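Data block below; observations after.
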């Protein structure tokens, strides 16, 4: 961020250079960074495991809870916080709201891994949110910005513009991730894909994000220096939002686990998945849409760009909190699902049942022989 601001303030001709080539109304260098930073994460998602994971009642219950937290509670919480903290800054308020309606599909996998959450369920929720965002982000943007966000005529969003931006900056990397994963698994082995290919492309995600942040702050360096007060005010609703959503979801799963009394559905691993999914956002998509709709030099784009600068340290701290609570609180027993084993789950259950029946019959027969001998 600091490097970008310095470049934007003291290097002449930065903005005209970025605007030389444009892609879908966005500077080409910025558009490239927005797409590249999402491709590696979306390549890691286990799309092939989704049909097998959806056959369990436990998965469907957690999907329903996640949809409620992510697409009902979270946008309303961010809307309330944006109005409470930024009532006199409609441009920045709109940018914060755009962050709130973009549900996380990338960094949540990192936080989930660090905190010891269930990777399979996290993958299911990532796929689900990816699909829902393509369908819901545009109508949500129109509803929360134009109607509930109190946006003036100069900052209204167009459904068509938002939909095109979502298709470009989420659809392209999602399609690229699906195609890359399918081709690599078809042409090579899963071991090669997991242990060699994914580590090779993984650095492109954070590098693309850092590159995009530097370019955005370079583009807005002069604006940031002369309006530093509003920039710091944007941090307040973001910190409150990440903390409230994470703590609320984590406490809810813990409470449900205490009520369930050991059925394995509300374990610590599931609390991690639900809390980090609810408490984080797809800031890449929010940045891409605000740039495409409002322009790279807009207050909305600047507010969205501040999102990852706040989210990363806050959620990193919350991973430590999760690990501490995992050790100190009483949790429902761990119950993970291995997608590779689900296909043969019914057959395995039948085999175990048959084995148990045989053992009981053998035990009964032995008991009868003992009684006959005694007689």
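Nothing in this text is a laboratory measurement; each read-out follows from the coordinates by a stated rule. Just so you know, these numbers come straight off a predicted model, no measurement behind them. Positions of Cβ are backbone-derived with ideal geometry, glycine not excepted, and every protein chain shown enters the neighbour counts.
For the reader, a short list of remarks on this structure follows.
- Calculated over region 172-225, the projected area of the Cα convex hull averaged across directions stands at 4.6 nm².
- Calculated diffusion of region 18-336, Stokes-Einstein form, Kirkwood radius summed over Cα pairs, 25 °C and 0.890 mPa s, µm²/s: 123 µm²/s
- Footprinting exposure proxy for 197, 192, 276, 217 (fewest neighbouring C-beta atoms within 10 Å first): 192, 197, 217, 276
- Ordering 66, 189 from the fewest to the most neighbouring beta carbons within 10 Å gives 189, 66.
- Net lengthening on full extension, residue 73/residue 158 (0.36 nm per residue, minus Cα-Cα): 28.2 nm
- Percentage, to the nearest whole number, of Cα pairs in region 74-186 over 22 Å apart: 44 percent
- Length released on extending from residue 239 to residue 316, taking residue separation times 0.36 nm less the Cα-Cα span: 26.5 nm
- Pairwise FRET efficiency - residue 258 versus residue 64, Cβ, R0 = 25 Å, nearest 0.05: 0.80
- FRET efficiency for the residue 324 to residue 226 pair, using the beta carbon distance and R₀ = 41 Å, is estimated at 0.45.
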